[in-house]
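The values are calculated or read from the model by the stated rules, or taken from the named source; none is laboratory data. Note that this is a predicted model, so its numbers are computed, not measured. With ideal geometry, Cβ positions are generated from the backbone for all residues, glycine too; neighbour counts draw on all protein chains shown. Heavy atoms of the whole protein, side chains included, go into the accessibility calculation; ligands, DNA and RNA do not. Shrake-Rupley method; radii C 1.70, N 1.55, O 1.52, S 1.80 Å.
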Amino acid sequence: MIPAGSLGGALLLLAAQPLPSSVPGEGLAAAAAHFQFAPPVGQPMTYRVTTRRIGREGALINFSLTYALQWQRVGRGYRLEAVMQRIDSDARPEVTRALSLMLEPLVGEPTAYLVAPDGSRVDLVDPDRLWARVTARIEAVSAESGRPEARQLAQLVAALPAGERDRLASADIRALVAPANGAIPVSTLADGASVSMMHDGALQTIAKVERDSAPVAGTAKPLEIDNLWTVDTSTGLVMREQRQSWIIDAEGDGRTLVEERVRALEFTPEG
């Protein structure tokens, strides 16, 4: 059950059947109070967001975005500059072109976010300029290639409410900042889910298992969702997030992976 709450996740839905999504921002206030926030200012970091999803032909499609990140102090808060470096996919070429169409204008372009001093809020800087650049690029591709899907995608982006577009563009960054990541449980008491927590020095690992259902071939199938977050409590950053969705076999003695998302953060080696 990977939400289409990020650019990569939203694009991957073009090549796959959607499953239910969780509610963005759920539990935000509690999470903000639980994690301290002190990002490593001036330290280059690499952030990879990889989504795997069952495609229309029944095989898992991989779609990965790689960002270069760097934090700066701005007044009492922080500014994060993110540069998308690469888009990778093992889907068929025509599917990859469709998935990459909206993101290609952002490769190599800095995108800035302002983050509250306690990490509770992440805001995209100059979102109007960002979306004007994206839609202009899509329309240019459509005009040059005569590809109708490009025009349809541009229309889809333009029709989204401004708040929804901004939420999509900042979803991966909000997920990185633990106080702003409302999906992370702050206690082992979670309605309808099994939650466990473990500490290893400055790292805190939170595991959560949810149960839901998903439509498969017109029939509701039991769905089990495994979530795992590793938070650096000294910085308030999510170093790794893994979310796997499994369809449970009718007999209940096996399960099949249908979606996976991994967000991984690491320090960039000097030189």
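Please tell me if residue 29 is modelled with pLDDT under 85, of a type in the set (Gly, Ala, Ser) and open to solvent by 70 Å² or more (accessible area, probe 1.4 Å).
yes
List the strands (runs of 3 or more DSSP E) that sit entirely inside the stretch 159-271 and contain at least 2 residues that are touching a strand residue (DSSP E or B) at 6+ places or on another chain (Cβ under 7 Å) and in contact (Cβ under 8 Å) with a residue 40 or more places away in the chain.
203-216, 219-232, 237-248, 255-267
Name the residues in the stretch 237-271 that are of a type in the set (Gly, Ala, Ser) and under 11 Å from residue 225 (Cβ atoms), would you?
245
Cβ contacts < 7 Å: first residue open to solvent by 60 Å² or more (accessible area, probe 1.4 Å), restricted to the stretch 117-133; second residue part of a helix (DSSP H, G or I) and not polar (S, T, N, Q), any location; separation 6+ or different chain. Result?
118/32; 118/179; 121/180
Only residues in the stretch 57-85 that are closer than 19 Å to residue 42 by Cβ and open to solvent by less than 40 Å² (accessible area, probe 1.4 Å) count as the first member; pair them with residues that are at pLDDT below 90 and part of a strand (DSSP E or B), Cβ under 6 angstrom, at least 6 apart or cross-chain, and list the lot.
Final answer for the pair search is 67/84; 82/111; 83/110.
Go through (1) within 17 Å of the chain's Cα centre (by Cα); (2) at pLDDT 90 or above one by one and return the number of the condition residue 232 breaks.
(1)
Just give me the residues in the stretch 220-271 being of a type in the set (Lys, Arg) and surrounded by fewer than 19 Cβ atoms within 10 Å (Cβ to Cβ), in sequence order.
Matches in the stretch 220-271: 221, 240, 255.
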